[in-house]
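One structure is given below, encoded as structure tokens.
The values are calculated or read from the model by the stated rules, or taken from the named source; none is laboratory data. Small disclaimer: the values here were computed from a predicted structure and weren't measured. Heads up, the Cβs are rebuilt from the backbone with ideal geometry, glycines too, and the neighbour counts pull from every protein chain shown.
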Amino acid sequence: MSFTREFPLLGAAALATLVRTGEVSPVDVTRAAFDAIDRLEPQLHAFATQAQETAIAAAADIEHRIARNEPVGALAGVPVAVKDLVMTKDLRTTFGSRLYADFVPDHDDIVVERLKAADAIVIGKTNVSEFGFGAVGHNPLFPTTRNPWDLERTPGGSSAGSASAVAAGICPLAIGSDGGGSVRVPASFTGIVGFKASMGRVPLWPGCRDERFPGASGWESIEHIGPMARSVEDAALLLDVISGPDPRDRLSIPADRRSWRDRAHQDPRPGLRIAYCPAWADLPVDPEVRAIVDAAVAVLEGRLGHQVELAPSPFGDLIETFRSLVALETDITGLRAMARGRECDLGGPVRDLIARSYAGDVFCDAVTARKAAVNAMARFMAKFDLLVTPTVPVLPFPIDWEGPGIIAGVAVADDAWTPFSYPANLTGQPALNVPAGWTATGLPVGLQIMGRHLGDDAVLELAASFERACPWSDWRPACRA
């Protein structure tokens, strides 16, 4: 096999098998990933920090172990990119902020520990919006990340670099984090799979937990880490590696007994009751997005045989509640102290956050509103097995914007164009983006599949069956490895 030529077409599961059987060299795989970075990074700006030396050394170690017939992990030799909000020991982690421009953590996040234990090759850190504040790919520290389908458009965020790297074929897998849609939004904008599993399914530490790092220690009750991949199977394989409880994360939950990858190979039971909410609380949706998602939902009903019911959203627009909870869980005092005299180094969203004053009753009201939303969702999901929506109500917009500004003729705030994604962070239930289709101009549109509380298996099974019915792997962006 001419591996340099074929690598971008291979998924993680197939690649790991080829490495384990000795058909390809993990060193060659790793070098191919960095060759792709060299070619594409000047256009994409997906990476904040590369880890070529340590990555090749790790690949060489795997190669030697295979030659000695020693066991290797489930992701042996698979290049993986890690979002720059996720801590990596001895590898610069900036959180997209000038305040941490030279910060090198003394610990790996739990998910990175597990990646390394599975013999994945961490090739570098991917670009983010500052501290995750924003569903776009720019920050004050690095060049703006671009969408490989159209370099003048945003890939979404805040897992911008992770999405672009996977979509462009630099690596088959990436780690993203999702506090309000930051895995699913960029997955939708770049035509890949992004899965925010149930709260606690993937443990977090020190991210969101370590009070020593203002800006990186917030969002505790809404943040998730999740897989980003070019297929549901690969996303499930990565979930197998990174999920399961850890005592350092008090919100982590027991492991499921079955393999998530096995779930992705299993068809869901026939006749699922699926709610379809084409709009959330009557907020606007781009007509082109609506048409593509309508067609995808018709597949669920017509070809896959499920019972689809048009339904109103379980609760209304809670963007103010979401904003207040983000502020409540952010160490604003610590950020203010850290940024004192350096306020000009901060991007607009973070600077605005720490400049505001907050009344306690605003936070109390937000907590109460969240409880009401969780209860409303539970009542809604008691009638349905799954809920499907557009993932994002708009197509990718120009790279230097904070938001689309206008959707279907209606003005929207910069942080208020993700009505379908942040509700699952408030409730903690599983939600996944799978490509629904492409516009006439070649821009991807995503379908969001949301499950009941802890119903990750049903989400994966439906997503995989839809992917088999509407395969999309032949769709490749113009900017690709």
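So here's what we get for this one:
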{"quantity": "Residue that is surrounded by the fewest Cβ atoms within 10 Å (Cβ to Cβ), among those in region 366-375 that are within 22 Å of Ala311 (Cβ to Cβ) and among the aliphatic types (A, V, I, L, M)", "calculated": "Ala372"}
{"quantity": "Hey, Val122 among the aliphatic types (A, V, I, L, M) and either in contact with a Gly (Cβ under 7 Å, 6 or more places away or on another chain) or surrounded by 24 or more Cβ atoms within 10 Å (Cβ to Cβ) (or both) or not", "calculated": "no"}
{"quantity": "Which numbered condition Phe363 misses (of (1) surrounded by 14 or more Cβ atoms within 10 Å (Cβ to Cβ); (2) under 26 Å from the mean Cα position of the chain (by Cα))", "calculated": "(2)"}
{"quantity": "Residue ranges of helices (runs of 4 or more DSSP H) in region 1-93 with at least 1 members in contact (Cβ under 8 Å) with a residue 24 or more places away in the chain, within 25 Å of the chain's Cα centre (by Cα) and closer than 17 Å to Cys171 by Cβ", "calculated": "12-20, 26-44, 52-67"}
{"quantity": "Those residues of region 94-149 which are at positive phi and either outside any strand (DSSP E or B) or modelled with pLDDT under 95 (or both), in sequence order", "calculated": "Phe95, Gly96, Asp119, Phe131, Gly132, Gly134"}
{"quantity": "Among residues of region 293-308, those that are under 25 Å from the mean Cα position of the chain (by Cα) and either part of a loop (DSSP other than H, G, I, E, B) or under 21 Å from Leu395 (Cα atoms) (or both), counted", "calculated": "5"}
{"quantity": "Any hit, region 326-340, residues being in contact with a Lys or Arg (Cβ under 8 Å, 6 or more places away or on another chain) and assigned to a loop (DSSP other than H, G, I, E, B)", "calculated": "no"}
{"quantity": "Any chance Cys344 is over 30 Å from Leu75 (Cβ atoms) and either without any contact (Cβ under 8 Å) to a residue 12 or more places away in the chain or over 22 Å from the mean Cα position of the chain (by Cα) (or both)", "calculated": "yes"}
{"quantity": "Pair list, Cβ under 7 Å, 6 or more apart: region 154-170 residue closer than 15 Å to Thr144 by Cβ, other residue among the charged types (D, E, K, R) and part of a loop (DSSP other than H, G, I, E, B)", "calculated": "Pro155/Arg146; Ser164/Arg146"}
{"quantity": "The lone exception for Leu335 - which of (1) under 23 Å from the mean Cα position of the chain (by Cα); (2) modelled with pLDDT of 95 or more it fails", "calculated": "(1)"}
{"quantity": "Restricting region 271-292 to residues that are among the small types (Gly, Ala, Ser) and either assigned to a loop (DSSP other than H, G, I, E, B) or without any contact (Cβ under 8 Å) to a residue 24 or more places away in the chain (or both), the residue that is farthest from Ile175 (Cα to Cα)", "calculated": "Gly271"}
{"quantity": "The listed residue being surrounded by 17 or more Cβ atoms within 10 Å (Cβ to Cβ), closer than 28 Å to Gly428 by Cβ and at pLDDT below 95, out of Pro349, Pro314, Pro284", "calculated": "Pro349"}
{"quantity": "Count of residues meeting criterion [crowded, with 24+ Cβ neighbours inside 10 Å and farther than 15 Å from Thr190 by Cα] in region 129-171", "calculated": "8"}
{"quantity": "For Ser421: the one exception among (1) at pLDDT 95 or above; (2) over 17 Å from Arg184 (Cα atoms)", "calculated": "(2)"}
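A quick yes/no check of all residues on (1) over 18 Å from Arg263 (Cα atoms); (2) modelled with pLDDT of 95 or more; (3) under 20 Å from the mean Cα position of the chain (by Cα):
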| residue | (1), (2), (3) |
| --- | --- |
| Ala436 | yes, yes, yes |
| Pro444 | yes, yes, yes |
| Asp457 | no, yes, yes |
| Ser465 | no, yes, no |
| Ala469 | no, yes, no |
| Ser473 | yes, no, yes |
| Ala481 | yes, no, no |
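This table checks each residue for (1) among the small types (Gly, Ala, Ser); (2) out of contact with any Cys (no Cβ under 6 Å at 6 or more places or on another chain); (3) at pLDDT below 95; (4) under 24 Å from Ser465 (Cα atoms).
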residue: Arg184; (1), (2), (3), (4): no, yes, no, yes
residue: Gly191; (1), (2), (3), (4): yes, yes, no, yes
residue: Ala197; (1), (2), (3), (4): yes, yes, no, yes
residue: Glu223; (1), (2), (3), (4): no, no, no, no
residue: Glu233; (1), (2), (3), (4): no, yes, no, yes
residue: Asp246; (1), (2), (3), (4): no, yes, no, no
residue: Ser252; (1), (2), (3), (4): yes, yes, no, no
residue: Cys277; (1), (2), (3), (4): no, yes, no, yes
